[in-house]
Amino acid sequence: MAKTISIAIDGPGGAGKSTIAKRLAKELGYYYVDTGAIYRTVAYFLDLLGISPKDVDGVERYIDELTIGIEYDEDGAQHMIMNGMDVSADIRTPDISMKASDVSAHKVVRDMLLDMQRDVAKKHNVIMDGRDIGTVVLPRAQVKIFLTASAEVRAKRRHMELQAKGKKDTYEQVLAELQKRDYQDSHREIAPLKQAKDAVVVDTSNLDIDGVVAAIRTIVQEKTAV
Ligand code: DC
């Protein structure tokens, strides 16, 4: 099998990872894998069962009953399939964001998702975004980007997204939640959010989407000559 190319994009919530990764994947003809959506699906599944995402025993007891599928529509958008049901829209709430962060700290969950993520990268050229892609999931990725922005800028973007969906969360609530999640994701024991030593940092605070895509495209070209 020909060797595949992997591009890892890590960073905190709201830095623009998904938007950028999706655009680049389309341009390059790569698979796009939003790994946060996978953790969100686990959180949503447990939530429906009434299991607290912090309850290790509960998580361990029910996790085997979950089958996760990833599908793509004709626009390249990723759909999350939970035991046969498309839950892509249901997992995009502030409540599930926090629960995904809680649930992602458990070893049993991270172990289960690790092989799933690596399998995709073994078979296809991928742009994978998350928190631990360059450090743990794909440590040999040819390109590693650490995408970041100030907490205020990230909260402003998230707040606008939520407002566009008609949600009532205030900017202050969104900022507080993002900061709590940043802290939790960077301080957990297993695979915390951190910049890989060989990652290139791209700060998106003062760049628009086109600017970020252009900056990353240049890095990808340098590293892979595609
Ligand atoms: O990228 P996101 O906001 O959709 O991710 C939701 C949560 O999932 C995030 O707060 C932490 C967890 N996550 C993780 O632990 N590892 C990843 N590779 C991706 C997400």
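Consider region 128-148 and keep the residues that are touching a Lys or Arg at 6+ places or on another chain (Cβ under 8 Å) and more than 13 Å from the ligand (Cβ to nearest atom). The one that is most open to solvent (accessible area, probe 1.4 Å) is Gln142.
Look at region 164-187 and say how many of its residues are free of Cβ contacts under 8 Å to residues at least 24 places away in the same chain, more than 15 Å from the ligand (Cβ to nearest atom) and not in a loop (DSSP other than H, G, I, E, B). Within region 164-187, residues that are free of Cβ contacts under 8 Å to residues at least 24 places away in the same chain, more than 15 Å from the ligand (Cβ to nearest atom) and not in a loop (DSSP other than H, G, I, E, B) number 3. Considering Ala121, Ala176, Ala214, Ala164, the condition of being more than 18 Å from the chain's Cα centre (by Cα) and within 24 Å of Val42 (Cα to Cα) is satisfied by Ala176 alone. So, of the residues in region 196-226 that are polar (S, T, N, Q) and surrounded by 14 or more Cβ atoms within 10 Å (Cβ to Cβ), which turns out to be farthest from Ala149 (Cα to Cα)? Selected residue: Thr224.
To keep it simple, each residue is scored yes or no on (1) under 15 Å from the mean Cα position of the chain (by Cα); (2) in a helix (DSSP H, G or I).
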residue	(1), (2)
Val136	yes, yes
Leu147	yes, no
Glu152	no, yes
Glu189	no, no
Leu193	yes, no
Ala196	no, no
Asp210	no, yes
Ile219	no, yes
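Scanning region 159-195 for residues that are basic (Lys, Arg), in contact with a Pro (Cβ under 9 Å, 6 or more places away or on another chain) and open to solvent by less than 60 Å² (accessible area, probe 1.4 Å) turns up just one, Arg181.
Taken over region 37-55, the criterion of being touching a helix residue (DSSP H, G or I) at 6+ places or on another chain (Cβ under 7 Å) and open to solvent by 10 Å² or more (accessible area, probe 1.4 Å) is satisfied by Tyr39, Arg40, Tyr44, Asp47, Leu49, Ile51, Ser52, Pro53, Lys54.
Selection of helices (runs of 4 or more DSSP H) fully inside region 1-112 by the criterion of at least 2 residues being without any contact (Cβ under 8 Å) to a residue 40 or more places away in the chain and either of a type outside the set (Ser, Thr, Tyr) or within 12 Å of the ligand (Cβ to nearest atom) (or both) returns 35-49, 56-62.
The values are calculated or read from the model by the stated rules, or taken from the named source; none is laboratory data. What you see is a predicted model, and the numbers here were worked out from it, not measured in a lab. Please note: Cβ atoms are built from the backbone with ideal geometry, for glycine as well, and neighbour counts cover all protein chains shown. For the accessible areas, the whole protein counts, side chains as well, though only heavy atoms, and no ligand, DNA or RNA atoms are used. Shrake-Rupley method; radii C 1.70, N 1.55, O 1.52, S 1.80 Å.
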